[in-house]
1. Could you work out the relative contact order of the chain? I mean the mean sequence separation of Cα pairs under 8 Å and 6+ apart, divided by the number of residues, in percent.
2. Run the lone-cysteine check on the chain: no other Cys C-beta under 4.7 Å from the residue's C-beta.
3. For Lys2, what residues show an amide H to amide H distance below 5 Å, using hydrogens built from the backbone and excluding near sequence neighbours?
4. Quick check: Cα centre of the stretch 66-89 to Cα centre of the stretch 17-63, how many Å?
5. Treat each spin label as a single point 7 Å out from the Cα along the C-beta direction, and report the Glu40 to Lys3 distance in nm.
6. Specify the angular offset, from 0 to 90 degrees and rounded to the nearest 10, of the alpha carbon long axis of helix 16-26 from the longest principal axis of the alpha carbons in the chain.
7. Excluding Asp133 itself, calculate the net charge of residues whose Cβ lies under 15 Å from the Cβ of Asp133, where each Lys or Arg counts +1 and each Asp or Glu counts -1.
8. Can you tell me the FRET efficiency between Lys10 and Cys54 if r is taken as the Cβ-Cβ distance and R0 is 25 Å, rounded to the nearest 0.05?
Amino acid sequence: MKKLTIYMEKCIGCHSCELACSSQKEGIFKPSVSRIQVIEDLTRSITINNCQFCEGNVCVEVCPREAITIDSDNWRVLVDSDKCIGCGICVEECPHKSIKLHPQTDIALICDRCDGSPACAQACTEGAICWEDEA
């Protein structure tokens, strides 16, 4: 089984992961629709924020339309865009703050690991995001 691993000490804040994600998922280079987020604060401290596939799966539990499901065989959280009503409850309740709503459609955006070939890991030249075997 593989998982997405983030090595924050290697991140240089180039945002290539966001661009690769938005290109893969939306067909455009637009970080606002990326499923991964690079956050830089005023002290230049950088955080990469993506779905942690956490225990309890809060997003699944709070979704009133059952639009969010878990594919535990492939470590993916999936959003059914036909069921999602853009209420934002999952965004509010995500303990890692890694869910956001699409700016045009209000559909929940959650990393699904690009079906086993994460574009963010392929684009990261510094090795800060890696698709590697689970330890």
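1. Details: 251 pairs, mean separation 44.6, N = 135.
After rounding, I find 33 percent.
2. Cys11, Cys14, Cys21, Cys54, Cys63, Cys84, Cys87, Cys94, Cys114, Cys124, Cys130
3. Result for Lys2 returns Glu134.
4. 15 Å
5. 2.9 nm
6. The angle comes out near 30 degrees.
7. On the way: positive: Lys2, Lys3, Arg113; negative: Glu132, Glu134.
Within the 15 Å Cβ shell, the charges total +1.
8. Working: r = 23 Å, r/R0 = 0.92.
According to the calculation, E is roughly 0.65.
The values are calculated or read from the model by the stated rules, or taken from the named source; none is laboratory data. Source: prediction; values computed, not measured. When we count neighbours, we look across all protein chains shown, and the Cβ atoms used for this are built from the backbone with ideal geometry, even at glycine. Each accessible area value is taken on the protein alone, full model and side chains, heavy atoms only, with ligands, DNA and RNA left out. Shrake-Rupley method; radii C 1.70, N 1.55, O 1.52, S 1.80 Å.
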